[in-house]
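Engineer: Structure incoming, see below.
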Amino acid sequence: MSFAFSLTPKKTLSEFESALLTVVIMAGFVIHGIWQGQSLSFYAIFILVSFYSIFKYPKTGIYLIIIGTMWFERHFTLQPLTIGDVSYKIYPLDFILLITGLSLFVRVVDKEIKWKWHKFDTPILLFGLAATFGYLLSWLRNLDPVLAFGTYKNYFLYAVVYVFIALLFKTKEDWKKLMAWFFAGGAGLFFFLFYGIITGHGLWSDFTPLSTYGERLIAGTHIFYMVLFGFFLMSLYFWKSEFQKKISEKIIFACIGLVAIGILVSLVRHLWAALAVIFILWFIFLYREEKKKMITLGKKCFAIGLFFILIYLWVSFSFKGAVPQNLSKGYYAVKERVGIESVARLEDSSFRWRISAWAVGVVLWTRHPVLGSGLGQLVSGYDNIVPFEIAARELHNNYLGILIQLGVVGLGVVLAWFWMLLVKMKEMWKFTQARDNFYTQLTFTWVSVVLLFMIGFSISVYWDVNFFIIWWWVALAAVRFLSDEVKPPLFSTVKF
């Protein structure tokens, strides 16, 4: 009897029940930490329950990561372990990954699970080698070892998420379960949207303050996850599988409308820009029927939104005789975020800082153009007369950060990797509807996520923070799975 099997009693909780129990305990642990501070006893209970559940059902680790990250973001992914007066930079997310890795290691050794090399793995390995060389180079050049390791961890070590999902989710049924948990996580995000609308302030939005007038009604992290969820909702709107027939069209439409509201009130400009590009790509590559449905959806959302605004204005004028102050403030905040006048005149502090930091970064790159300066490099300069010092990975341009730290070689590996992904995803999309609607949903959702990251890497910090970058690896694992499932017909006449 194998060690992995011996941990599984005959009469016990099912995988779903075990995962649900562990998620509830995780949520209680995190909420207690937010309100009362970290409790080592509660931490121990959370780890022990997670250990038992994940060793019994390894997929539970992935479900925990999905729910924990979507709902609690940095409170799950960046909360250090504190013992006495000392804080250790190992987070709940890291413990779950470690336990999941141990569970899988036992099963791989026991030959219960096997790893099969895939062509998608090669460019990831090459990037890993470049990142490892950059990490070793940081020691030779006496860069901050803590910052260097943190950069290495975010750049490459979280690729274990990709490995774990590739090992665990190998069938259509596996991905149905994963997407069900993803749906639950996305639905839970509406709590944060309602909270922000009611209170006039997004929960945990203080971590990303605005450089212009206004107040985020939902945090940038939550709206990012909501956008990912929105991609899946759009796929449900376009194509329904047999097991999804019971989901009401009105519910899907309402949820998409709420996502649209969240995108608007989040005031996250780089997401607006990235989504504009993705919408254009959808219009290029979607089939005619889906394009019509997309246009119809847009018209309905606009009409319903306008109707409620008019009703709100009518009620306000009836009782107050004036436009509601919060509505006028909201309009002005959106106008400030959309307007390019302040950006063009470099009056927007956020954009002006980016320009200054990028210029200094390019100069820094010229010192070590081929192999880079090594991971953990700091960029120092001035924004007008105000000095700044920031890690190269946090320049709000990951491509430039990689160029500075890993040189032309490192960036070349990334660009070749991304080009291969784009070519393969285009090919997959051409043939995805030769399978069933669920595969089409998966392809549409996760290809859109990959595109969002590729665009976002140039204007934000998606590769620098674990609660963002783990979703990159989830998306790549999905594309890896689909590349084997969605194949061209044997006698295809389609030309590329």
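The values are calculated or read from the model by the stated rules, or taken from the named source; none is laboratory data. The model shown is predicted, which means the values in this text are computed figures rather than measured ones. Note that each Cβ is placed from the backbone with ideal geometry, even for glycine, and that neighbours are counted across all protein chains shown.
Engineer: Could you tell me whether A159 is under 21 Å from the mean Cα position of the chain (by Cα), within 30 Å of F16 (Cβ to Cβ) and exposed (fewer than 14 other Cβ atoms within 10 Å of the Cβ)? Quick ask: steps written out before the conclusion?
Structural biologist: On the way: under 21 Å from the mean Cα position of the chain (by Cα): yes; within 30 Å of F16 (Cβ to Cβ): yes; exposed (fewer than 14 other Cβ atoms within 10 Å of the Cβ): no.
Against the criterion (under 21 Å from the mean Cα position of the chain (by Cα), within 30 Å of F16 (Cβ to Cβ) and exposed (fewer than 14 other Cβ atoms within 10 Å of the Cβ)), A159 does not qualify.
Engineer: Within segment 13-50, track down each residue that is assigned to a helix (DSSP H, G or I), within 19 Å of K177 (Cα to Cα) and not aliphatic (A, V, I, L, M).
Structural biologist: Residues of segment 13-50 assigned to a helix (DSSP H, G or I): 15-36, 40-50.
Okay, now just the ones that are also within 19 Å of K177 (Cα to Cα), so 15-24, 50.
Once the filter is applied, which keeps residues that are assigned to a helix (DSSP H, G or I), within 19 Å of K177 (Cα to Cα) and not aliphatic (A, V, I, L, M), segment 13-50 yields E15, F16, E17, S18, T22, S50.
Engineer: Filter segment 404-449 down to residues that are part of a helix (DSSP H, G or I) and of a type in the set (D, E, K, R), then give me how many there are. Step through it out loud before you land on a result.
Structural biologist: Residues of segment 404-449 part of a helix (DSSP H, G or I): 404-434, 437-449.
Keeping just the survivors that are of a type in the set (D, E, K, R) gives 424, 426-427, 430.
Here the count works out to 4.
Engineer: Given the residues I66, I113, which is the only one that is within 20 Å of K177 (Cβ to Cβ) and assigned to a loop (DSSP other than H, G, I, E, B)?
Structural biologist: On the way: I66 fails: assigned to a loop (DSSP other than H, G, I, E, B).
Result: I113 is the single residue among I66, I113 that is within 20 Å of K177 (Cβ to Cβ) and assigned to a loop (DSSP other than H, G, I, E, B).
Engineer: Out of A254, A303, A276, which single residue is out of contact with any helix residue (DSSP H, G or I) (no Cβ under 7 Å at 6 or more places or on another chain), within 28 Å of H396 (Cβ to Cβ) and without any contact (Cβ under 8 Å) to a residue 24 or more places away in the chain? Spell out how you get there, then give the answer.
Structural biologist: On the way: A254 fails: within 28 Å of H396 (Cβ to Cβ); A303 fails: within 28 Å of H396 (Cβ to Cβ).
That would be A276, the only listed residue that is out of contact with any helix residue (DSSP H, G or I) (no Cβ under 7 Å at 6 or more places or on another chain), within 28 Å of H396 (Cβ to Cβ) and without any contact (Cβ under 8 Å) to a residue 24 or more places away in the chain.
Engineer: Here is a further query. All but one of (1) more than 24 Å from M70 (Cβ to Cβ); (2) buried (at least 21 other Cβ atoms within 10 Å of the Cβ) hold for A219, so report the exception by its number.
Structural biologist: Every listed condition holds for A219 apart from (1).
Engineer: Scanning for something under 21 Å from A475 (Cα atoms), in contact with a Ser or Thr (Cβ under 7 Å, 6 or more places away or on another chain) and among the hydrophobic types (A, V, I, L, M, F, W, C), does segment 117-129 turn up at least one residue?
Structural biologist: yes
Engineer: On the given criteria, is P369 in the same structural domain as V479 (by TED's automatic domain parsing), modelled with pLDDT of 90 or more, of a type outside the set (A, V, I, L, M) and farther than 26 Å from N466 by Cβ?
Structural biologist: Yes: the conditions hold for P369.
Engineer: Still on this structure, please answer the following. Looking at this structure, is S235 among the small types (G, A, S) and modelled with pLDDT under 85?
Structural biologist: Values: among the small types (G, A, S): yes; modelled with pLDDT under 85: no.
No.
Engineer: So, one more: So which residues in segment 197-216 are assigned to a loop (DSSP other than H, G, I, E, B), surrounded by fewer than 22 Cβ atoms within 10 Å (Cβ to Cβ) and not β-branched (V, I, T)? Break it down into steps so the answer makes sense when it comes.
Structural biologist: Restricting attention to segment 197-216, the residues satisfying the condition of being assigned to a loop (DSSP other than H, G, I, E, B) are 200-204, 208-216.
Subsequent filtering for residues that are surrounded by fewer than 22 Cβ atoms within 10 Å (Cβ to Cβ) retains 200-201, 203-204, 208-215.
G200, H201, L203, W204, P209, L210, S211, Y213, G214, E215 - these are the residues of segment 197-216 that are assigned to a loop (DSSP other than H, G, I, E, B), surrounded by fewer than 22 Cβ atoms within 10 Å (Cβ to Cβ) and not β-branched (V, I, T).
Engineer: Scan segment 126-156 residue by residue and report those that are crowded, with 16+ Cβ neighbours inside 10 Å, closer than 19 Å to W417 by Cβ and among the aliphatic types (A, V, I, L, M).
Structural biologist: Listed by number, the residues that qualify are L126, A130, A131.
Engineer: Would you check which residues across segment 173-193 are exposed (fewer than 14 other Cβ atoms within 10 Å of the Cβ) and more than 19 Å from Q244 (Cα to Cα) and list them?
Structural biologist: F191
Engineer: F207 versus (1) over 14 Å from Q405 (Cβ atoms); (2) modelled with pLDDT of 95 or more; (3) of a type in the set (F, W, Y): which is the lone unmet condition?
Structural biologist: Of the numbered conditions (1) over 14 Å from Q405 (Cβ atoms); (2) modelled with pLDDT of 95 or more; (3) of a type in the set (F, W, Y), the odd one out for F207 is (2).
Engineer: Quickly run through segment 413-450 and pick out the residues that are of a type in the set (S, T, Y) and under 20 Å from V277 (Cα atoms).
Structural biologist: Taking segment 413-450 first, the residues of a type in the set (S, T, Y) are 432, 439-440, 443, 445, 448.
Listed by number, the residues that qualify are T443, T445, S448.
Engineer: Are any residues in segment 450-476 β-branched (V, I, T) and part of a helix (DSSP H, G or I), and if so, which ones?
Structural biologist: Step one: list which residues in segment 450-476 are β-branched (V, I, T), which gives 450, 455, 459, 461, 465, 469-470, 474.
Within segment 450-476, V450, I455, I469, I470, V474 meet the criteria.
Engineer: Something else now. What pairs come up if the first residue lies in segment 132-161 and is in contact (Cβ under 8 Å) with a residue 60 or more places away in the chain and assigned to a loop (DSSP other than H, G, I, E, B), the second is hydroxyl-bearing (S, T, Y) and buried (at least 21 other Cβ atoms within 10 Å of the Cβ), and their beta carbons are under 7 Å apart, counting only those six or more places apart or on different chains?
Structural biologist: Short answer, once both residue conditions are applied: R141/S373.
Engineer: Give the residue that is modelled with the highest pLDDT, with candidates limited to residues of segment 1-12 that are surrounded by fewer than 14 Cβ atoms within 10 Å (Cβ to Cβ) and assigned to a helix (DSSP H, G or I).
Structural biologist: So, considering only residues that are surrounded by fewer than 14 Cβ atoms within 10 Å (Cβ to Cβ) and assigned to a helix (DSSP H, G or I), the one modelled with the highest pLDDT is S6.
Engineer: So is W272 farther than 13 Å from V227 by Cβ and of a type outside the set (K, R) or not? It would help to see each step written out before you state the result.
Structural biologist: Working: farther than 13 Å from V227 by Cβ: no; of a type outside the set (K, R): yes.
No: the conditions fail for W272.
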